[in-house]
Amino acid sequence: MKILGIETSCDETGVAIYDEHKGLIAEALYSQVDLHAKYGGVVPELASRDHIRKLLPLIKTLFAESSLSLSDINAIGYTAGPGLIGALLVGAMFAKSLAYGLHIPCIPIHHMEAHLLAALMCDKKPSFPFLALLVSGGHTLLVDVKSLGHYKILGETIDDAVGEAFDKTAKLLGLPYPGGKALSDLAKKGKKDRFQFPRPMMEKPGLDFSFSGLKTFAVNTWLQSEQKQQTKADIAYAFQHAVVETLVGKCKRALKQTGLRQLVVAGGVGANQLLRQQLKHLLAEFEGQVFFPPEQYCTDNGAMIAFAAFHRFKQHHYDKDLALRVFPRWSLEDLQI
Ligand code: KG4
Ligand code: ZN
């Protein structure tokens, strides 16, 4: 059985084919990062239009490179939410039309479930149950992953997502979009004790996050300092440490609270080296294990949608009609098994 996966929830057009026996057999990805860079963030209408332009050529490339034809495909999975409504509609419309034409099932996929399950595509994988930290430009979630389809959100951001806070602070420091990687590179040149940033929500009980205050703290620090290149690096250093220590602090609480000893990290911010290093130490302290899926499966991609669709297909989770249903906001806890 082979499943075609289609991801169009934000600014990446991703397609992939997952084979029941061989695993992932083909994938292609197009990132719109350059398109949005000059606006300093994703412009939803431009994102939708670009998905329309890129989806069909990408699918053609996928089939050409894998030497497969459409008749080899048994089902199609597409991201039905959460995400940008226009972008989601492009993927949903394409997937449903193609599935209808091929007389095969079409499977709506929750984008965040796909991120959680992506860790299971890798050779070194966790077993259920595990704790997951999802940290991207749009999401910051701590999830108790009990089993397929059973997710409990333990904590989430009450304002900016962690990647968003990285991007906004990077913009303030004059770094290009998306700024997370550039900011963490700049932080390497920063001095350790020059600025002390707060660790938001750490003094309160619970597992929720708040990152928008850190961005404001960075702005104020910059405005009140001598505005030199070294100051930028010192702010980057202090900001990154505050974010990472807050994330690690909340993971520690979640490990204690749940008794879980496996942690999966997904989302673009999972590429942050300081975060990786500190989470490895944390899990060693708990005699547990941390799993970082390869970077290309941490960020948005079609492979995770094809993989999640394979699992959903086995549970007969198909669309029953041709109506287009996408969900820009959709909690993981509202997913049905
Ligand atoms: O998961 P992702 O690729 O896309 C979505 O948000 O959908 O995550 C992108 C986010 C951006 O905010 C980017 O700045 C951040 O991940 N990011 C990083 C690093 N690499 C990417 N943040 C901190 N450190 C990094 N090394
Ligand atoms: Zn994502």
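The values are calculated or read from the model by the stated rules, or taken from the named source; none is laboratory data. Since this is a predicted model, take the numbers as computed values, not measurements. Here Cβ is always computed from backbone atoms with ideal geometry, including for glycine, and neighbour counts include all displayed protein chains.
List of remarks:
- Residue that is farthest from the chain's Cα centre (by Cα) [pool: residues in the range 126-140 that are at pLDDT 95 or above and within 17 Å of Ala271 (Cβ to Cβ)]: Ala132
- Of the criteria (1) of a type outside the set (Val, Ile, Thr); (2) crowded, with 18+ Cβ neighbours inside 10 Å; (3) within 16 Å of ligand 1 (Cβ to nearest atom), which one Leu255 fails: (3)
- Of all the listed residues (Val244, Val248, Val269, Val290), the sole one being within 16 Å of ligand 2 (Cβ to nearest atom) and either of a type outside the set (Val, Ile, Thr) or surrounded by 15 or more Cβ atoms within 10 Å (Cβ to Cβ) (or both) is Val269.
- Segments classed as helices (runs of 4 or more DSSP H), wholly inside the range 58-174, with at least 2 members that are more than 30 Å from Leu260 (Cβ to Cβ): 85-102, 162-172
- Of residues in the range 101-119 being of a type in the set (A, V, I, L, M) and either modelled with pLDDT under 95 or within 16 Å of ligand 2 (Cβ to nearest atom) (or both), the one nearest to the chain's Cα centre (by Cα): Met112
- Of residues in the range 118-142 being more than 15 Å from ligand 1 (Cβ to nearest atom) and of a type in the set (A, V, I, L, M, F, W, C), the one surrounded by the fewest Cβ atoms within 10 Å (Cβ to Cβ): Phe128
- Yes/no for Arg325 being assigned to a loop (DSSP other than H, G, I, E, B) and in contact with a helix residue (DSSP H, G or I) (Cβ under 9 Å, 6 or more places away or on another chain): yes
- Test result for His36, under 23 Å from Pro108 (Cβ atoms) and not acidic (Asp, Glu): no
- Residue match in the range 42-54 (condition: in contact (Cβ under 8 Å) with a residue 24 or more places away in the chain, of a type in the set (Gly, Ala, Ser), surrounded by fewer than 23 Cβ atoms within 10 Å (Cβ to Cβ) and not in a helix (DSSP H, G or I)): no
- Out of Val219, Val243, sole residue that is away from ligand 1 (no atom under 15 Å from the Cβ) and either hydrophobic (A, V, I, L, M, F, W, C) or in contact with a strand residue (DSSP E or B) (Cβ under 7 Å, 6 or more places away or on another chain) (or both): Val219
- Cβ separations smaller than 8 Å between residues 6+ apart or across chains give the following pairs from the range 277-299 residues that are over 12 Å from Leu131 (Cα atoms) to residues that are assigned to a loop (DSSP other than H, G, I, E, B) and within 16 Å of ligand 2 (Cβ to nearest atom): Cys298/Gly267; Cys298/Phe292; Thr299/Ser136; Thr299/Gly267.
- Gly14 of a type in the set (Gly, Ala, Ser), surrounded by 14 or more Cβ atoms within 10 Å (Cβ to Cβ), part of a loop (DSSP other than H, G, I, E, B) and within 16 Å of ligand 1 (Cβ to nearest atom): no
- Contact annotation: residue pairs with Cβ atoms under 9 Å, 6 or more positions apart or on different chains, pairing a residue in the range 61-77 that is over 17 Å from Tyr30 (Cβ atoms) with a partner that is in a loop (DSSP other than H, G, I, E, B) and of a type in the set (A, V, I, L, M, F, W, C), are Ile73/Ile104; Asn74/Met1; Asn74/Ile104; Ala75/Met1; Ala75/Ile104; Ile76/Ile104.
- Ala233 vs. criteria among the aliphatic types (A, V, I, L, M), more than 23 Å from the chain's Cα centre (by Cα), at pLDDT 95 or above and surrounded by fewer than 22 Cβ atoms within 10 Å (Cβ to Cβ): yes
- Any hit, the range 190-210, residues being in contact with a helix residue (DSSP H, G or I) (Cβ under 7 Å, 6 or more places away or on another chain) and not in a loop (DSSP other than H, G, I, E, B): yes
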